[in-house]
Amino acid sequence: MSAMDKKVVTLVYGCQMSERDAQTLSEISGREGYERSEDPNTADLIIINTCCVRESAENKILGKIGELKKLKEKNPELKIAVTGCMVQQPGALERLRKRAPHVDIWAGTHNLHDFARQLKTAQRSGKSAEVWPEARGITESVPLAEKGKLKANVNIMYGCDNYCTYCIVPYVRGRERSRPAGEILAEIEALAESGCREVTLLGQNVNSYGEDLSAGSDFPALLREVDQIPGLLRVRFTTSHPKDLSDQLIDTLAGGRHLCHHIHLPVQAGSDKILRRMNRKYTREYYLNRVRAIRERLPASSITTDIIVGFPGETEEDFSQTLAVVRQVHYSQAFTFMFSRRSGTPAFALPDQVPLEVKKRRLQELMQVQNEESLKWRQNMLDKTWEVLVEGPSKSNPERLMGRTRGNEVVVFSGTQDLSGQPVAVKAQEANSWTLFGELA
């Protein structure tokens, strides 16, 4: 079999950062002669890029790794690589290798750029396992975001310095490291020239971008430069930490041409007591002040959030304060979770763990309230015309088109396929908690 006959399948779990890492691994494999495929049964290389934010995600990944053992038995030449956050956890490598001896390549988050060398080592000797304990700067030789697509994710920084007590990310992604602005801009310019119309700038906390670079390098300045790149229609970013959301950033969004009026601003909890236990470094009132600043300068901006229920020590009063914040902010969408104990984080050993049945009840209550708020938000958009960037056929009804507003609301409407990739005006006519339905204006 020639190199170009080989197939690679990439399976990804976790956040957009993980998705971007998986894309990098696919691109590296392509340079080594592997063609992308969606069929694990005919693959010569299967890459699983992992997540470890929650134990449930890790259990699902371990189950998938176990399933691949059967494919390895059928095809001993198949190479299996497991990469990313789950592997990077302190002490995880040896435990995982014992549990899954059929895996050929293990790589952590800090050495993904070296995957080609590990792949060659595994092809020669059968195995390669490397996890760097710390990042060694930023390597700009890794493949850039995939060209020729409507949308792309672009890393602007890596790591996190916030150390929320429930979060494993700082331990597996390392300290914050910002990419030089010139490298970011060059990548986005190449994407725009290839037909990309929307980029999402990625970082665990994009608001602290540039703090490790020279004076004058900050996130608002970077946004202003990206906004000037010819060909781009939309610029998004995620995630913003509330403690670092500045008036300067809000003003930059208000004055931008292509900067989307959508801010993902994780609140996590509405109780000051729980926020302190989480080490979030802001108070409820500070967060609400940031929301008021957004509403004043960007009145049509959508705000989305993350919320954890059942954090250790959360009482019914604490939970009621979270519900009150949800009703006050009017989030267009919220990603809601039950607290999951994560070994390796301070919250794992906190006292006053909340019983599972209580967490389940609170999650259901929260979801009901948020669904009501999401519906109200979209109902307020009805009978108005919105700019929608068309992404293609709707998954729920392929005979109709689907796109997103600048506020990231999903819109389904009738139209021809040649509109894909184009901005169109759509009048919103109906809504549910998740989707707007309309017709071309």
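None of the figures in this text is laboratory data; all of them are computed from the coordinates on show. Since this is a predicted model, take the numbers as computed values, not measurements. Methodologically, a virtual Cβ is constructed for each residue, glycine included, from the backbone with ideal geometry; neighbour enumeration extends over all protein chains shown.
Counting other C-beta atoms within 10 Å, which of Thr336, Thr50 has the fewest, and how do the rest follow?
Going from sparsest to densest Cβ surroundings: Thr336, Thr50.
Between the range 360-388 and the range 148-204, how many Å separate their Cα centres?
29
Taking neighbour counts of Cβ atoms within 10 Å as a proxy for exposure, in what order, fewest first, do Thr24, Thr435, Thr109, Thr315 appear?
Thr315, Thr435, Thr24, Thr109
Round to a whole angstrom and tell me the spacing of the C-alpha centers of the range 393-441 and the range 85-106.
Distance between centres, Cα-based: 43 Å.
How many angstrom lie between the C-alpha centres of the range 262-329 and the range 111-125?
Cα centroid to Cα centroid, the span is 44 Å.
Okay, helix-only estimate at 222 nm for the chain: each DSSP H run of n ≥ 4 adds -39500 (n - 2.57), divide by all residues, round to 500 deg cm²/dmol; what do you get?
Taking each H run of at least 4 residues, the total per residue is -11000 deg cm²/dmol.
For the range 60-197, take the convex hull of the Cα atoms, compute a quarter of its surface area, and give me that in nm², please.
Projected over every direction and averaged, the Cα hull of the range 60-197 covers 10.4 nm².
Students often forget the sequence filter, so: which lysines lie under 29 Å Cα-Cα from Lys359 once same-chain residues fewer than 8 apart are removed?
Partners within reach: Lys60, Lys64, Lys243, Lys273, Lys281, Lys376.
Please arrange Trp377, Trp132, Trp106 by how many other C-beta atoms lie within 10 Å of their C-beta, fewest to most.
Lowest count first: Trp132, Trp377, Trp106.
For Lys127, list the aspartates and glutamates whose Cα falls under 13 Å from its own Cα; do not include residues on the same chain fewer than 8 positions away.
Cross-link targets: Glu77, Asp104.
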